[in-house]
């Protein structure tokens, strides 16, 4: 894309985009560290995730301020307007992902105080898929790749299915294992991972909007409504 | 109030849905310099259409073609194509430009009231067309000033000199003067470029109200203004019509790269 006639505009927009990518890196790292704290029973790592969440919160505020600044100063239209809108929406989703990482870290901290639980490993494939969804959502935004962004919804369904299956397994073990508190923690961690997948899909939708100005949100609901389902 | 003077005539069944202005393959030159190249577009009735583009792109030239204002420029002429208004090719030899301008009024960038009273400014057009009855002229002046959202501000000083009004009031007076001869189409050439934001807001509100009665074509360099007042936007570049679509489409997701570069401020 050509340079803007106002140099400040290019700088403001590039800064906005860069801050979203930094925030996305932090949110993804927090999730990764929270899961590692759980798998490795690492109390220190769990505490670090909880402490570092403030930084992600600060980025959300900063991105909103930058977006407002671009809107007020430059009145962007078309792709520039979509970048501002998408950035602000994506930062909101990233902040929530980091909140889920904090929730997982807190549960990891509690679980690390009791004996090891082998079933924790059942979470690995869910985390791997959630992390890949998040990675690809960020790439879809960064590379303006609508096809990649649009693909996330279908892949998130697989995560939903895994969430359902694993929750069922953990639910059945609550009573039989005698460790109901730990299995409740695991059920809620699985729920967090499923929500991370939803938010990655949301970011994918924002990437489609950014790249092609298409609003693909709630398309399935609309189709069902049209078919009278 | 005599309704017949102001209400736009209802179109016959066969003419409904027909564009107010039909431009077909128009080339235009100033002497040897071609400034419009094969321009084709329709301006739907009772809509506001904005022409945007960098200086020298031909947007004002096309606007001035619609009421043959370019006839006043030596060597300026449509060299190909046609412009049809109300079923008539306006460049046909049988068309009287003065009569055409009664149907296609124009508001200019710099407000230009005559150095006469407010009343006389508005009554000028109808008088030129032969209207002499005082009561009818009074009605026309009042209705035109009401439509221009100026009546309440000037009704007690209609005999004051027009050039004593504020800039925004003078521009709305010029719009009232244009409406006084009951045109079907109003052309506006950067009508707010000399106005402050408050006066601009009043003129923009007026444009939105007027489209119920008139078809409006506006040339503007202010793209926010185009997004606020127009239903459709045409982007011109180097004499070519690059893109013409709903204003929302043009400013949210234009089809052509050159349009996108222009509206986002990336014109190299």
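Suppose R0 equals 51 Å. What FRET efficiency, 1/(1 + (r/R0)^6) with r the Cβ-Cβ distance, do residue B:156 and residue B:257 give to the nearest 0.05?
Between residue B:156 and residue B:257 the formula returns 0.40.
Quick one: A:155, A:222, fewest Cβ neighbours within 10 Å first, how do they rank?
A:222, A:155
Exposure proxy check: A:89, B:132, B:59 ranked by fewest other beta carbons within 10 Å?
With the fewest neighbours first, A:89, B:132, B:59 line up as B:132, A:89, B:59.
By how many degrees, between 0 and 90 and to the nearest 10, does the Cα long axis of helix A:124-142 differ from the longest principal axis of chain A?
0
Could you work out which residue, out of B:52, B:242, B:118, moves most in a Gaussian network model of chain B, that is, has the largest mean-square fluctuation with Cα springs under 10 Å?
Comparing B:52, B:242, B:118 in the GNM, the peak value goes to B:242.
Could you state the number of Å between the C-alpha centres of region B:71-134 and region A:148-225?
66
Using only atoms on other chains, find how many Cβ atoms lie within 10 Å of each Cβ of peptide B:219-227 and report the average.
Rounded to a whole number, the mean comes out at 1.
Please give the average number of partner chain Cβ atoms lying within 10 Å of the Cβ of each residue in B:256-267, rounded to a whole number.
Whole-number average of other-chain Cβ neighbours for B:256-267 is 5.
Based on the Cβ-Cβ distance from residue B:22 to residue B:80, what FRET efficiency comes out when R0 is 22 Å, to the nearest 0.05?
0.90
Where does each of B:86, A:124 land when they are ranked from fewest to most other beta-carbon atoms within 10 angstrom?
A:124, B:86
Give me the number: length gained by fully extending residue B:124 to residue B:112, i.e. 0.36 nm times residue separation minus the C-alpha to C-alpha distance, one decimal in nm.
Separation in residues times 0.36 nm, less the Cα-Cα distance, equals 3.0 nm.
In region B:214-230, whose amide N lies under 15 Å from the spot 7 Å out along Cα-to-Cβ of residue B:194? List them in ranges.
none
Please report, largest first and rounded to whole Å, the three semi-axes of the ellipsoid equivalent to chain B, where each semi-axis is the square root of five times an eigenvalue of the C-alpha gyration tensor.
Calculated on Cα positions only, the semi-axes equal 31, 22, 17 Å.
For helix A:78-111, report the angle its Cα long axis makes with the longest principal axis of the Cα atoms of chain A; keep it between 0 and 90° and round to the nearest 10°.
Once rounded, one gets 20 degrees.
Pick out which of B:254, B:93, B:183 has the largest mean-square fluctuation in a Gaussian network model of chain B, springs linking Cα atoms closer than 10 Å.
In the Gaussian network model the winner is B:93.
What translational D, rounded to a whole number of µm²/s, comes out for the protein assembly as shown from Stokes-Einstein when the hydrodynamic radius is the Kirkwood one over Cα pairs, at 4 °C and 1.567 mPa s?
48
Averaging over every viewing direction, what projected area does the convex hull of the Cα atoms of chain A cover, in nm²?
Dividing the Cα hull surface by four gives the mean projection, 14.1 nm².
For helix B:118-128, report the angle its Cα long axis makes with the longest principal axis of the Cα atoms of chain B; keep it between 0 and 90° and round to the nearest 10°.
Roughly 70 degrees, rounded to the nearest 10.
Under 10 Å, Cα contacts only: if you run a Gaussian network model on chain A, which one of A:90, A:189, A:216 comes out with the highest mean-square fluctuation?
In the Gaussian network model the winner is A:216.
Quote the relative contact order of region B:136-268 in percent (integer), defining contacts as alpha-carbon pairs under 8 Å separated by 6+ residues. It would help to have the intermediate numbers written out before the result.
On the way: 121 pairs, mean separation 22.1, N = 133.
In percent, rounded to a whole number, it is 17.
Extension gain residue B:221-residue B:131, at 0.36 nm per residue separation less the Cα-Cα distance, in nm?
Value of the extension gain: 28.6 nm.
Bear in mind these aren't lab numbers, they're just calculated from the coordinates by the rules spelled out. Quick caveat: nothing in here was measured; it's all calculated off a predicted structure. No Cβ is skipped: glycine too gets one built from the backbone with ideal geometry, and neighbour counts run over all protein chains shown.
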